[in-house]
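S.K.: Can you read through this structure? Questions will come right after.
The values are calculated or read from the model by the stated rules, or taken from the named source; none is laboratory data. As the structure is a prediction and not an experimental result, all values here were calculated from the model. Note that we place each Cβ from the backbone using ideal geometry, even for glycine, and neighbour counts take in every protein chain shown. All accessible areas refer to the heavy atoms of the entire protein, side chains included, with ligands and DNA or RNA removed. Shrake-Rupley method; radii C 1.70, N 1.55, O 1.52, S 1.80 Å.
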Amino acid sequence: MTRPLQIYIKTYGCQMNERDSAALAGKLMRLGHAMVEREEEADVLIFNTCSVRDQAERKAVGKISYLKKLKRRKPELLIGVIGCMAQNRGESLFRELPHLDFVVGTGQLHQLPEIIASLREDRRQIARLATGSEVLTEMGVHQPEAKLSDFIAITRGCNRFCAYCIVPYVRGREISREIGDVVAEARELVANGTREIMLLGQNVAAFGWNGNVNPPPDDVSPFADLLKELQQIEGLYRIRFTSPYPSYFNAKLIAVMAECSKVCHSVHLPLQSGSARVLKAMNRQYTPEQYLQIVGALRQAMPDIAFSTDVIVGFPTESAAEFEETCQLMERVGFDNAFIFKYSPRAGTRSAEMPDDVPQAVKEARNQRLLQLLSASAWRNNRQLVGTCQEVLVEGPSHRNPARWTGKTATAKSVMFAPQPSVRRGDLHRVTIARVTDMTLFADDIPDLPSE
Ligand code: 5AD
Ligand code: SF4
């Protein structure tokens, strides 16, 4: 092994990136290296980047440009970019950021420890580039210390080609892992102390569908088969997943979700728009009516289910009336959470050919309006929970007020409650809800504070 190094990893973007950074940290630590929290202490700085929106790329490029000075003071420092922007921009990043030492794409992450070692050993090497199509070499290595809730990537890539989205170009075609492989990884995590697993994929419910672009018929769902297998793991309390494309919620998947007690009644269901015409222009394969049908079927099977979503405002040609349809649909579903994005054109995608014709100020106003609708619906939903008993997966003392403890319901809502000697991190604990905001539930065992 080379000399132990101090390594700093900064992660931008989605949970897949968080998962990759954690796995990479685990792998590097097993090789004897240490993770550090501050850039100044590091021998190697790694930026795990996102390309989904322009802003995410600009943030990372800005940050790395700024490190030029640090590199001048400390020439042995290695700086590298990994993740989607590395995959997307490849070699051109070396021209834009000449102080970079390595650029490693999403499919080549497993090569990183070796690349770092070779760059450290041979200072004459200037830079290393490793990008290519996604290969499914899951590092499967998690941090030595178990996390209460951990991620497992089960599919990668996407075949759907939504008009605005760069993911299929950057991450390539959809590929799934073997079911046995995923179950083995889950068992390993649970044996180590993990209690909740979040299954990840750009199109997670297409798991095992072998890249077939048509959603499976009503009685077939390899993803549901996986959920059933995971349900059997003793010591695992909760199963979550993100993000499923709406059309994959067929009768089989909905029935299995309802029947498996560990599958959380919380679904992230990306809507993108409530207008049939805009959805079509986005190349989304469902109508607003079909979206509502899926919501209805899930609610019927699991009445306490909570929904979150993604919406894009200001997609090219989106009219005021079409935006109103999105508002109405948001009202009808009554989401508990939503990520609202202002449209940003991504070079190479189909919608980048269309004029970006909704003014920035209009995008901003639409964004604000949806955030208000969301806050109102989340508050309405939470108010219904006052007086109910909720099961909480206990996380421990709250960061803001360590006299209170915090945890999450199966519907992914944060709950504050009073600590008790018999209740420990990782337990399932039942509390009665006394007060709520649009973001947080408060149990009846903590006193009112004037500040709330
Ligand atoms: N502009 C704005 N938002 C986008 N998203 C994806 N591509 C774009 C884009 N070009 C949003 C979608 C997706 C989420 C991860 O990011 O809502 O669901
Ligand atoms: Fe992008 Fe659409 Fe695939 Fe989601 S389903 S990753 S939005 S192309």
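S.K.: Over 13 Å, how big is the tail of the calculated P(r) for region 389-443, in percent of all Cα pairs? Before the final figure, lay out each step's value.
M.R.: Values: 769 of 1485 pairs.
When all Cα pairs of region 389-443 are counted, 52 percent exceed 13 Å.
S.K.: With every protein chain present, what is the per residue accessible area of the chain (1.4 Å probe, Å²)?
M.R.: Working: 20060 Å² over 452 residues.
Accessible area per residue: 44 Å².
S.K.: Mean Kyte-Doolittle hydropathy of 0.5 or higher plus an axial Cα length of 15 Å or more: which whole DSSP H helices in the chain meet both?
M.R.: On the way: long enough: 15-30 (22 Å, -0.71); 54-66 (18 Å, -1.00); 179-191 (18 Å, 0.84); 288-301 (20 Å, -0.14); 320-333 (20 Å, -0.28); 360-383 (35 Å, -0.93).
The answer, listed by residue number, is 179-191.
S.K.: State the extension gain, in nm to one decimal, for the chain segment bounded by E18 and A276, taking 0.36 nm per residue of separation less the distance between their alpha-carbons.
M.R.: On the way: separation 258, 0.36 × 258 = 92.88 nm, distance 3.35 nm.
Full extension of this stretch gives 89.5 nm more.
S.K.: Helix-derived [θ] at 222 nm for the chain: sum -39500 (n - 2.57) over DSSP H runs of at least 4, divide by residue count, nearest 500?
M.R.: -10000 deg cm²/dmol
S.K.: When only alpha-carbon atoms are used, what values of Rg and Dmax, in angstrom, describe region 1-107?
M.R.: 13.2, 39
S.K.: Mind checking the alpha-carbon convex hull of the chain and giving the volume per residue in Å³? Kindly include the intermediate steps, with their values, before the conclusion.
M.R.: Working: hull volume 72.3 nm³, N = 452.
Hull volume normalised by residue count: 160 Å³.
S.K.: Which links in K10/K68; K10/K69; K342/K408; K10/K63; K342/K413 stretch past 22 Å when you go from one Cα to the other? Each step should come with its number before you reach the end.
M.R.: Details: K10/K68 17 Å; K10/K69 18 Å; K342/K408 29 Å; K10/K63 10 Å; K342/K413 25 Å.
Result: K342/K408; K342/K413 exceed 22 Å.
S.K.: On to the next question. Could you pull out the GluC sites (Glu not before Pro) across region 205-293 that fall in loop regions by DSSP (anything but H, G, I, E, B) with no more than 14 other Cβ atoms inside 10 Å? Intermediate results must be reported in sequence, preceding the final value.
M.R.: Details: sites: E229, E234, E259, E289; in loops: E234.
Filter output for region 205-293: E234.
S.K.: Please compute, over every Cα-Cα pair in region 146-264, the percentage with a separation greater than 25 angstrom. Write out the running numbers ahead of the final one.
M.R.: Values: 1481 of 7021 pairs.
The answer is 21 percent, as a whole percent.
S.K.: Averaging sequence separations of C-alpha pairs under 8 Å and six or more residues apart, then dividing by the length of the chain, give the relative contact order as a whole percent.
M.R.: Values: 865 pairs, mean separation 42.5, N = 452.
In percent, rounded to a whole number, it is 9.
S.K.: For K252, go through the lysines and keep the ones whose alpha-carbon is under 26 Å away, minus same-chain ones fewer than eight residues off.
M.R.: Answer for K252, where 26 Å is the Cα cut-off: K228, K262, listed by chain and number.
S.K.: Let me ask something else about it. Return the carbon/sulfur percentage of the accessible area of region 6-128, one whole number, probe 1.4 Å, all protein chains in place. Don't skip to the end; give the middle numbers.
M.R.: Values: 2550 of 5420 Å².
For region 6-128, the apolar C and S fraction of the accessible surface comes to 47 percent.
S.K.: What percentages make up the Cα-Cα pair-distance distribution of region 270-369 when the bins are 10 Å wide from 0?
M.R.: 15, 48, 28, 8, 1
S.K.: Put +1 on the Cβ of each Lys and Arg and -1 on the Cβ of each Asp and Glu in the chain; which of F241, I116, N159 then has its Cα farthest toward the positive end of the dipole?
M.R.: Value computed over the given set: I116.
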